[in-house]
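See structure below.
The values are calculated or read from the model by the stated rules, or taken from the named source; none is laboratory data. The shown structure was predicted, so the numbers you read here are calculated from the model rather than taken from an experiment. Heads up, the Cβs are rebuilt from the backbone with ideal geometry, glycines too, and the neighbour counts pull from every protein chain shown.
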Amino acid sequence: MAVGFFTDTTVCIGCKACEVACKEWNQLPDDGFHFTGMSYDNTAALGASTWRHVSFVERPVALSEQLTGLGQFSWLMMSDVCKHCQRAGCLEACPTGAILRTEHDTVYVQPDICNGCGYCVTACPFGVIDRREDDGRAWKCTLCYDRLRGNLTPACAKACPTDSIQFGELDELRERAARRLAVLHERGVGEAWLYGADAASQPGTGGLNAFFLLVDKPEVYNLPPEPVVPTHRAGEAWGAMALAALGMAAAALGSVLASRSGRG
Amino acid sequence: MSGPDDGRYVDPELGLLLGEGAAQRIAAGEAREIWRDVAASLPAPGEGPTYYDRPVLKEPVWIWSVPVYFWTGGTMGAALALGGAAQLAGAELRPFVRRCRWVGAVGGAASAALLIHDLGRPERFHHMLRVFRPTSPMSVGSWVLAAASTLAGGAALLGRRRGLLRGAGDLAGLGAALLGLPLAGYTAVLVGNTAVPVWLAARRSLPFLFIASSMSGAASFFDLGSLRPREARVVRAFGIAGKAAELAAIAAVESEAGRVERVGRPLREGVAGALWTAAKVLTAASLAATLLPRRSRRAGLAAGLLGTAGALALRFAVFHAGKASSRDPRATFHQQRLPSCETSTP
């Protein structure tokens, strides 16, 4: 059974209950207490011990059909998480087999296998997975693997007070998302759209198990506009390497042959 | 482990640490700075929005031993390839063949040590050979390095034997030579197979650069020792080809990475830019020293030192360019846009 998250950013109120529930359930350590001075976002980014992150965007642009006392202004909030890509860069890069796809169609890092090579960190086009220096291993959202085994909703979705984070079977989530999108369009919020809902709209990742309903460009939320798993383009690099290697073989043979004549 | 200062605030008397992240080790009392200082840059005309200029990607966590390995692995790969070619030439180059094999064997051990030093959990280094994953250049490379080092070591030990053992050594030497070819170049595929903008952009030219630099590195390494006249001619020709190809490949990487101005910027600015320029100058100087008409011992030594420094500077330049590039959200957005496919982006 393929499960995932549908995060509807239009109803996120930025309460960060998901961040707290995630830290509590998974017993993740704190990241130190920082004041970014940029916005209400003092979590800053996803990381090895931060598996949910709420971003806060203050825009000098009004949202369609929204009335504010401030004129041209709107708040965008989004609870970000590991996307559990259908074609996951981290999984395809992992040389140890520590990262695998589970029976729930989620991407999971086995902490007892990971040797901290750090390759997955460079392979994620979303910048999700990270290595904790003091721990030495790579960590990210497990989509609450332990809770799924007990037929429980992941902690973040359970804690979300507005149903911005919805958990469920992927097919059902896609239907729900399409219905919500239709409602928003009907109400005149034409800028609403789905990010990564399926392979057709995001071929570079084959679709995301954790997809989003956004109302602005992905870059505004710090999401790559058209993410591509690096291995999609690895063939070109391997081909170039084969050609270069042939060149080196020819140079080696040529150097040895030319040395016979007694002249360099 | 557990207690008030492990960042979890779970009283071991009252709660059990059994969560998915409970095993995460944390250095006591250390507050990690996750909001790293990033130089804010104003958007150029036509450039899109960012999220407070925060990086999209995580910076590569690799340390100095990785670029040094790029050099040792490349040098041993090219040395093994040259040794394999020299093996076919007959008895006169036999001592040189043995030397190439020893460079491969010792280089393999040094390379493994450098790579293990970089791991977050060095005691689990053998997990690298737990599976073979063709989609991961690091997995492919681990197997190639393990096999090439083993064969090179065997060939080196059997190099002076006679009869059947010598035949086995020669077979191992040829195998090591064949594996030396991908060993010199896979690291370029490895960095090209990432989301890091400058590496991803230059993925087609980087393999040429790394292999050419490996040839230059191996020739320079041999230049540091004393060579017989014919050996010196082999090394000289191989080195000239490598250094000339390296200078050409540097230009190719610059043009491939520079198709988007912002993506190629780390090769021109900062630490990476300085190292990149140093690599160019050192390699060109080494080539000039190699091309001197009357070769003295001193000129050979100079060519070797300059070439080695150039090859090392080049690997460090590529490494630091990747680090700088991953911090630039605009470069990342440029690279994560498929020209061929349209999404419903408003």
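Residues of the stretch A:201-250 being among the β-branched types (Val, Ile, Thr), touching a helix residue (DSSP H, G or I) at 6+ places or on another chain (Cβ under 7 Å) and facing chain B (nearest Cβ under 7 Å), which ones?
First, the residues of the stretch A:201-250 that are among the β-branched types (Val, Ile, Thr): A:205, A:215, A:220, A:228-229, A:231.
Then drop every residue that is not touching a helix residue (DSSP H, G or I) at 6+ places or on another chain (Cβ under 7 Å), which leaves A:215, A:229, A:231.
Hit for the stretch A:201-250 is A:THR231, nothing else.
Name the single residue, out of those in the stretch A:45-71 being surrounded by 21 or more Cβ atoms within 10 Å (Cβ to Cβ) and free of Cβ contacts under 8 Å to residues at least 40 places away in the same chain, that is farthest from B:GLU20 (Cα to Cα).
Filtering the stretch A:45-71 for residues that are surrounded by 21 or more Cβ atoms within 10 Å (Cβ to Cβ) and free of Cβ contacts under 8 Å to residues at least 40 places away in the same chain, the one farthest from B:GLU20 (Cα to Cα) comes out as A:HIS53.
Mind checking whether some residue in the stretch B:283-303 is part of a helix (DSSP H, G or I), touching a residue at least 24 places away in the same chain (Cβ under 8 Å) and under 27 Å from A:THR122 (Cβ atoms)?
yes
Counting only residues that are closer than 19 Å to B:GLN24 by Cα and at pLDDT 95 or above, give me the strands (runs of 3 or more DSSP E) lying completely in the stretch A:97-209 with at least 3 of them.
A:107-109
Any residue at all in the stretch B:69-86 that's buried (at least 23 other Cβ atoms within 10 Å of the Cβ) and more than 23 Å from B:PHE208 (Cβ to Cβ)?
yes
Only residues that are of a type in the set (Val, Ile, Thr), closer than 27 Å to A:LEU223 by Cα and out of contact with any Pro (no Cβ under 8 Å at 6 or more places or on another chain): list them for the stretch B:189-238, please. Can you show your working first?
Taking the stretch B:189-238 as the starting set, the residues that turn out to be of a type in the set (Val, Ile, Thr) are B:189, B:191, B:194, B:196, B:198, B:211, B:234-235.
After this cut, where a residue has to be closer than 27 Å to A:LEU223 by Cα as well, the list is B:189, B:191, B:194, B:196, B:198.
Across the stretch B:189-238, the qualifying residue is only B:VAL191.
Please state which of the following conditions B:THR135 fails to meet, knowing it meets all the rest: (1) among the hydroxyl-bearing types (Ser, Thr, Tyr); (2) surrounded by fewer than 23 Cβ atoms within 10 Å (Cβ to Cβ); (3) part of a helix (DSSP H, G or I).
(3)
Within the stretch B:193-231, count every residue that is in a helix (DSSP H, G or I), at the interface with chain A (Cβ under 7 Å from one of its Cβ atoms) and in contact (Cβ under 8 Å) with a residue 24 or more places away in the chain.
5
Among the residues of the stretch A:100-120, is there at least one that is among the β-branched types (Val, Ile, Thr), within 9 Å of chain B (Cβ to nearest Cβ) and crowded, with 23+ Cβ neighbours inside 10 Å?
The answer is no, given that none of the residues of the stretch A:100-120 is among the β-branched types (Val, Ile, Thr), within 9 Å of chain B (Cβ to nearest Cβ) and crowded, with 23+ Cβ neighbours inside 10 Å.
One line per residue, one yes/no per condition, for (1) within 20 Å of the chain's Cα centre (by Cα); (2) more than 28 Å from A:LEU100 (Cα to Cα); (3) within 14 Å of another protein chain (Cβ to nearest Cβ):
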position: B:ALA113; (1), (2), (3): yes, no, no
position: B:ILE116; (1), (2), (3): yes, no, yes
position: B:PHE132; (1), (2), (3): no, no, yes
position: B:THR135; (1), (2), (3): yes, no, yes
position: B:SER149; (1), (2), (3): yes, yes, no
position: B:ARG161; (1), (2), (3): no, yes, no
position: B:LEU174; (1), (2), (3): no, yes, yes
position: B:LEU178; (1), (2), (3): yes, yes, yes
position: B:PRO182; (1), (2), (3): yes, no, yes
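Under 8 Å between Cβ atoms, at least 6 apart or on separate chains: pull out the pairs that start in the stretch B:55-74 with a residue that is of a type in the set (Lys, Arg) and end on any residue that is part of a helix (DSSP H, G or I).
Correct list of pairs: B:LYS58/A:VAL121; B:LYS58/A:THR122; B:LYS58/B:SER326.
When you go through (1) within 12 Å of chain B (Cβ to nearest Cβ); (2) closer than 30 Å to A:VAL229 by Cα; (3) surrounded by 16 or more Cβ atoms within 10 Å (Cβ to Cβ) one by one for A:MET38, which number turns out not to apply?
Only one criterion is unmet by A:MET38, namely (2).
Tell me which of these B:THR150 doesn't satisfy, since it passes every other one: (1) assigned to a loop (DSSP other than H, G, I, E, B); (2) modelled with pLDDT of 95 or more.
In the conditions (1) assigned to a loop (DSSP other than H, G, I, E, B); (2) modelled with pLDDT of 95 or more, B:THR150 misses (1) alone.
Of the conditions (1) more than 25 Å from B:ARG160 (Cβ to Cβ); (2) surrounded by 24 or more Cβ atoms within 10 Å (Cβ to Cβ); (3) out of contact with any Leu (no Cβ under 9 Å at 6 or more places or on another chain), B:ILE116 satisfies every one except a single condition; which number is it?
(2)
Could you tell me whether the stretch A:180-201 includes any residue that is under 30 Å from B:LEU209 (Cα atoms) and surrounded by 15 or more Cβ atoms within 10 Å (Cβ to Cβ)?
From the stretch A:180-201, those under 30 Å from B:LEU209 (Cα atoms) are none; that's our starting set.
Scanning the stretch A:180-201, I find no residue that is under 30 Å from B:LEU209 (Cα atoms) and surrounded by 15 or more Cβ atoms within 10 Å (Cβ to Cβ), so the answer is no.
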